[in-house]
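All of the numbers you see were taken from the coordinates with simple rules; none came from a lab. Note that this is a predicted model, so its numbers are computed, not measured. For neighbour counting, all protein chains shown are included, and Cβ atoms are generated from backbone atoms with ideal geometry for every residue, glycine included.
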Amino acid sequence: MPELFGFDCYSPQQIAERVESVGRTKANLPLLSMAALGVLAGGFIGLGGLYYTLVISDPALSFAAARLLGGLAFSLGLILVVVAGAELFTGNNLLVMAWVSRQISTRRLLRNFAIVYLANLLGAIGLAVLVALSGHGKTVGSAVGQTAISLAATKCALPFAEAFFKGILCNVLVCLAVWLAMAGRSVTDKILAIIFPISAFVAAGFEHSVANMYFIPLGIFLNDLAASGTFAASAAPSWVGFARNLVPVTLGNLVGGAGMVGLMYWIIYRRGEGLKGDQKKARGTITRPDRYGEVGSG
């Protein structure tokens, strides 16, 4: 007997189909909508970063407890992206599935990546400015500010190769979180699906390009305030260090998300379907793709 109410989650095969359909919709979003959703995503991930920094600033927590609780707190960012709706560069690496299935062009793929990436940068830095000006760094006797500066300085000092491989591992988990969220039929399903992969990458200390668009600028801004006596600065993150971190982390995120998750699942579930689609197109029976679908789901 077929299921009546649909309480089960979507199967991996169905998830792959949904990811392709959503990818097609995302790639064809109008410029303004895409950019606005990208700015929101940068801010949302920054809010997760704000929550994380606050939690790990508690000196009473052990290393493991701080990483675990910080990871749970940081999950807020992707929860907001997926449930509230926004366009996140790292999650959008899954658009590669629609690309290899020839549902979107290379131009559309690169357009989405570029616009969303720059919009994420704007949203994350914008939030960092607001947080710095709000005096949030003075929380707990300026412990939060010191933690933010130290975190940014550590990220700026990462060697290229280490940042690259940490970026790969990070976006494998981020894209798996988006993949699992696509399996859910309810908000609760999606939130639970997100929490464990995201808290795992944060606890492990992996590198997320959009999160770093918030963490490092915030550390720079607070360090500037420290120079005027607001904080006792112990490290000096810089814009040069920001760029040196962002390049390898972004490349690693692309390899991990687009290559190790998107392409892998396309090979497993959609490669044969793509061939069938080509055969239908050759016979002139292929249907026009639906313009509408889920957007802003990471």
Determine, from the Cβ-Cβ distance of residue 65 and residue 140 and an R0 of 22 Å, the FRET efficiency 1/(1 + (r/R0)^6), rounded to the nearest 0.05.
0.85
Taking R0 as 25 Å and r as the Cβ-Cβ distance between residue 162 and residue 33, the FRET efficiency 1/(1 + (r/R0)^6), rounded to the nearest 0.05, comes to 0.10
Student exercise, the chain dipole from Lys, Arg, Asp, Glu Cβ charges, in Debye to nearest 20
980
Candidates 248, 237, 59; GNM for the chain (alpha-carbon contacts under 10 Å) flags as most fluctuating 59
Report, in degrees rounded to the nearest 10, the 0 to 90 angle that the Cα long axis of helix 239-254 makes with the longest principal axis of the chain.
30
Give me the angle, in degrees from 0 to 90, between the Cα long axis of helix 187-204 and the longest principal axis of the Cα atoms of the chain, rounded to the nearest 10.
50
So if R0 is 35 Å, what FRET efficiency would residue 122 and residue 14 give, r being the distance between their Cβ atoms, rounded to the nearest 0.05?
0.50
Modelling each spin label as a point 7 Å along the Cα-to-Cβ direction, I'd like the residue 271/residue 102 distance in nm, to one decimal.
1.7
In whole angstrom, how far apart do the alpha carbon centroids of the range 75-120 and the range 172-195 sit?
16
Taking H as built 1.01 Å from N, whose amide H comes closer than 5 Å to the amide H of residue 207, not counting residues under 5 places away?
167, 170
Connecting every pair of Cα atoms under 10 Å apart in the chain and solving the GNM, the largest mean-square fluctuation among 247, 81, 55 falls on 247
Answer label for percent of Cα pairs over 31 Å apart (calculated), chosen among (i) 47; (ii) 25; (iii) 29:
(iii)
How far is helix 209-227 tilted, in degrees, relative to the longest principal axis of the Cα atoms in the chain, given as a value from 0 to 90 rounded to the nearest 10?
20
Label point distance in nm, residue 239-residue 187, each placed 7 Å from Cα along Cα→Cβ:
4.0
